[in-house]
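Enquirer: Would you mind keeping the following structure in view while I ask a few things?
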Amino acid sequence: MHHQARIAVVVLVAFTLSACASSRSAFVVPAPSPVHTAIPRASDKTIPVPSATTVRPSVARPTLTPTRLPTLTPTAALLEPTPTLAPLAEEVRERIFEQIWETVRDHYLYEDYRGVDWNAIRDEFAPKVEIATSPEEFYTLMRQMILRLGDEHSRFESPQDVAEQEAEFAGKLRYGGIGAEIRETDEGGMVSSVVPGGPAAKAGIQPRDLITAIDGIAFTDRKAFGSRRPISRVRGDPGTQVRLSIKSPGQQVRDVFVVRAVIDPDIFNRVSAQRLAGDIGLITIPSFFVAAVDTHVRQAVEGLLAQGPLKGLVIDVRTNSGGYVHLMLNTIALFHNGGSIGSTSGRTENRDESVPEGMVIDGMDGIPITVLICPETVSAAEMFAAGMQVLGRAKAVGQPSAGNTENLYTYKFEDGSRIMLAELAYKLPDGSLIEGRGVSPDRTVQAEWWRYAPGKDPQILAAIDLMQGQ
């Protein structure tokens, strides 16, 4: 493993700034000892303090195959330029190529490479690397090579990709857009959330409004928008204007002109809390790929408790695409004192996934908890739900999760590029896998929950009913 250090990460379903059924996030677990200069990274993201992380499943064989799940996408366009790719001498390209190929050969979770002839892959790509005329061409080749593994977790990232993800984790990215998250549905773009005080909110757009057209083009006209999808037309430079045709529930379609502004994408990853009727608390954790997310959850729960005792707590991880394992374990520790949620193992490694002790939030002892899950719950978020279940601390409600829980290690190379490689598989304490099948709810509720306000959400109502019946 030449010039690399590694860190384990759990990846959510591959997703960038949104959470959806097809996104991926990463979990981070305590990092193993550094090997050469490889640096561990999180799935889809990187952390300044690497530690072992888990990635989402690389085996594309989920028994659960949600059909036509809407994608959830923040309406923002990246403003900050990423570093310009530096020229790479032929010997550097060939050295990095060999290091990447050997890393996969020696550490990939599946010794049969999931049916891929890895030696033949080397023979195929080596001549192409030799004649690559630009760093862009070389990095494209490396992406293609890792994609041959076909596990939806392992991936190659150029120095530009790495810089953007590190900025995202640190909360330093800035985007131009309207400040809303939108789900692509058969009827149009369903507004899932809006940034308070942002352009969309100022224009009167609210959650559950439907965007039927963008600048006069029907949202559902996929051909008109091409491969970039309708959301790309909503994003744009701050100060520019976009015309949206909006249909609010029970109202006629109206045109709204929205002036784009600088949007902080971190706002979509923030933990939120609210009190529901009957002294029930609702905590939403959009991602474990956020620095100090466990601290944010603690503060959110303590804020609810400060308003009075709780009779139950609903934790929503339905759009959580994963993140760092150590942050996920620290979050479980807020509700359960110690214990193991299972283990992760690979070709040469086996580690227990232990919950820290002494971190339980004062006032939470004995309060029933439910965790909301669905096919958009991926990777570390699945480990969270499974862990709360096996520890007996919470019941799961909703639909089976994605079943994408492989653990990834990150290897960083001399040019600043890196690969995230599936090396470990997550197992429950009884040794069974949830890869490919997901976490099974204690109460299954089929619903397009995102169409409802929290107080009318069928899955939240079922979660409350389940807690009250305990």
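Enquirer: Could you figure out which of (1) of a type in the set (A, V, I, L, M); (2) in contact (Cβ under 8 Å) with a residue 24 or more places away in the chain; (3) closer than 25 Å to Leu461 by Cα isn't true of Val325?
Expert: Evaluating Val325 over (1) of a type in the set (A, V, I, L, M); (2) in contact (Cβ under 8 Å) with a residue 24 or more places away in the chain; (3) closer than 25 Å to Leu461 by Cα leaves (3) as the failure.
Enquirer: Here is a further query. Please state which one of Arg347, Arg318 is basic (Lys, Arg), within 22 Å of the chain's Cα centre (by Cα) and assigned by TED's automatic domain parsing to the domain that holds Ala381.
Expert: So the residue among Arg347, Arg318 that is basic (Lys, Arg), within 22 Å of the chain's Cα centre (by Cα) and assigned by TED's automatic domain parsing to the domain that holds Ala381 is Arg318.
Enquirer: A further question follows. Restricting the stretch 428-444 to residues that are outside any loop (DSSP other than H, G, I, E, B) and either not charged (D, E, K, R) or not assigned by TED's automatic domain parsing to the domain that holds Ser343 (or both), which is surrounded by the fewest Cβ atoms within 10 Å (Cβ to Cβ)?
Expert: Filtering the stretch 428-444 for residues that are outside any loop (DSSP other than H, G, I, E, B) and either not charged (D, E, K, R) or not assigned by TED's automatic domain parsing to the domain that holds Ser343 (or both), the one surrounded by the fewest Cβ atoms within 10 Å (Cβ to Cβ) comes out as Thr444.
Enquirer: Please list, ordered by residue number, the strands (runs of 3 or more DSSP E) wholly in the stretch 306-384 having 1 or more residues that are within 13 Å of Pro286 (Cα to Cα).
Expert: Numbers: elements: 312-316, 340-345, 350-354, 369-373.
Because the criterion is at least 1 residues that are within 13 Å of Pro286 (Cα to Cα), the strands (runs of 3 or more DSSP E) in the stretch 306-384 that meet it are 312-316, 369-373.
Enquirer: Here's another thing I want to ask about it. Of everything in the stretch 186-220, what is over 15 Å from Pro230 (Cα atoms), β-branched (Val, Ile, Thr) and in a strand (DSSP E or B)? Give them in sequence order.
Expert: Val194
Enquirer: Quick check on my filter: what residues within the stretch 299-318 are touching a residue at least 40 places away in the same chain (Cβ under 8 Å), out of contact with any Pro (no Cβ under 6 Å at 6 or more places or on another chain) and not charged (D, E, K, R)?
Expert: Residues satisfying the conditions are Val301, Leu305, Pro309, Leu310, Leu313, Val314, Ile315, Val317.
Enquirer: Given (1) crowded, with 20+ Cβ neighbours inside 10 Å; (2) over 18 Å from Trp450 (Cα atoms), identify the lone condition not met by Arg233.
Expert: (1)
Enquirer: Kindly provide the set of residues from the stretch 395-409 that are of a type in the set (Val, Ile, Thr) and either modelled with pLDDT of 95 or more or over 13 Å from Leu428 (Cβ atoms) (or both), ordered by number.
Expert: Of everything in the stretch 395-409, just one residue is of a type in the set (Val, Ile, Thr) and either modelled with pLDDT of 95 or more or over 13 Å from Leu428 (Cβ atoms) (or both), namely Val397.
Enquirer: Sticking with this structure for a sec: State which residue pairs qualify: first residue more than 21 Å from Glu102 (Cβ to Cβ) and outside the structural domain of Glu94 (by TED's automatic domain parsing) and inside the stretch 130-146, second residue surrounded by fewer than 19 Cβ atoms within 10 Å (Cβ to Cβ) and modelled with pLDDT of 95 or more in any location, beta carbons under 6 Å apart, and separation of 6 or more residues or different chains.
Expert: Close Cβ pairs (under 6 Å, with a partner that is surrounded by fewer than 19 Cβ atoms within 10 Å (Cβ to Cβ) and modelled with pLDDT of 95 or more) do not exist here.
Enquirer: How many residues does the stretch 401-436 contain that are farther than 17 Å from Ile341 by Cβ and touching a Pro at 6+ places or on another chain (Cβ under 7 Å)?
Expert: Selection size over the stretch 401-436: 7.
Enquirer: Something else now. Which pairs do you get when a residue that is among the hydroxyl-bearing types (Ser, Thr, Tyr), found in the stretch 415-427, comes within reach of a residue that is crowded, with 24+ Cβ neighbours inside 10 Å and part of a strand (DSSP E or B), reach meaning Cβ atoms under 8 angstrom, with the pair 6+ apart or on two chains?
Expert: Hits for this filter: Ser417/Glu157; Tyr426/Val10; Tyr426/Thr344; Tyr426/Glu353; Tyr426/Glu406; Tyr426/Asn407.
Enquirer: Now for a different question. Can you say whether Gly455 is in contact with a Pro (Cβ under 8 Å, 6 or more places away or on another chain) and either crowded, with 19+ Cβ neighbours inside 10 Å or touching a residue at least 60 places away in the same chain (Cβ under 8 Å) (or both), as far as the supplied structure shows?
Expert: On the way: in contact with a Pro (Cβ under 8 Å, 6 or more places away or on another chain): no; either crowded, with 19+ Cβ neighbours inside 10 Å or touching a residue at least 60 places away in the same chain (Cβ under 8 Å) (or both): yes.
So Gly455 fails the test.
Enquirer: Look at Gly278 and say whether it is assigned by TED's automatic domain parsing to the domain that holds Ala218 and either in a loop (DSSP other than H, G, I, E, B) or among the aromatic types (Phe, Trp, Tyr) (or both). Even if it seems obvious, please write down each step before you answer.
Expert: Numbers: assigned by TED's automatic domain parsing to the domain that holds Ala218: no; either in a loop (DSSP other than H, G, I, E, B) or among the aromatic types (Phe, Trp, Tyr) (or both): yes.
No; evaluated as a whole, the condition is false for this residue.
Enquirer: Can I ask one more? So which residues in the stretch 109-134 are out of contact with any Gly (no Cβ under 8 Å at 6 or more places or on another chain) and among the aliphatic types (A, V, I, L, M)?
Expert: Ala120, Ile121, Ala126, Val129, Ile131, Ala132
Enquirer: Suppose we filter Ser272, Ser193, Ser158 for residues that are crowded, with 22+ Cβ neighbours inside 10 Å, out of contact with any Asp or Glu (no Cβ under 6 Å at 6 or more places or on another chain) and hydroxyl-bearing (Ser, Thr, Tyr); which single one remains?
Expert: Exactly one of Ser272, Ser193, Ser158 is crowded, with 22+ Cβ neighbours inside 10 Å, out of contact with any Asp or Glu (no Cβ under 6 Å at 6 or more places or on another chain) and hydroxyl-bearing (Ser, Thr, Tyr), namely Ser158.
Enquirer: Can you name every residue in the stretch 106-127 that is surrounded by fewer than 14 Cβ atoms within 10 Å (Cβ to Cβ) and either closer than 20 Å to Glu406 by Cα or in contact (Cβ under 8 Å) with a residue 60 or more places away in the chain (or both)?
Expert: Once the filter is applied, which keeps residues that are surrounded by fewer than 14 Cβ atoms within 10 Å (Cβ to Cβ) and either closer than 20 Å to Glu406 by Cα or in contact (Cβ under 8 Å) with a residue 60 or more places away in the chain (or both), the stretch 106-127 yields Asp106, Glu111, Asp112, Gly115.
Enquirer: Picking from Ala447, Ala402, which residue would you name as being surrounded by fewer than 20 Cβ atoms within 10 Å (Cβ to Cβ), hydrophobic (A, V, I, L, M, F, W, C) and part of a loop (DSSP other than H, G, I, E, B)?
Expert: After ruling out the rest, the residue left standing is Ala447.
Enquirer: Only residues in the stretch 351-370 that are more than 22 Å from Val325 (Cβ to Cβ) count as the first member; pair them with residues that are small (Gly, Ala, Ser) and part of a strand (DSSP E or B), Cβ under 8 angstrom, at least 6 apart or cross-chain, and list the lot.
Expert: Qualifying pairs under 8 Å: Ile367/Gly312; Pro368/Gly312; Thr370/Gly312; Thr370/Ala396.
The values are calculated or read from the model by the stated rules, or taken from the named source; none is laboratory data. Remember, it's a predicted structure, so these values are computed and weren't measured experimentally. With ideal geometry, Cβ positions are generated from the backbone for all residues, glycine too; neighbour counts draw on all protein chains shown.
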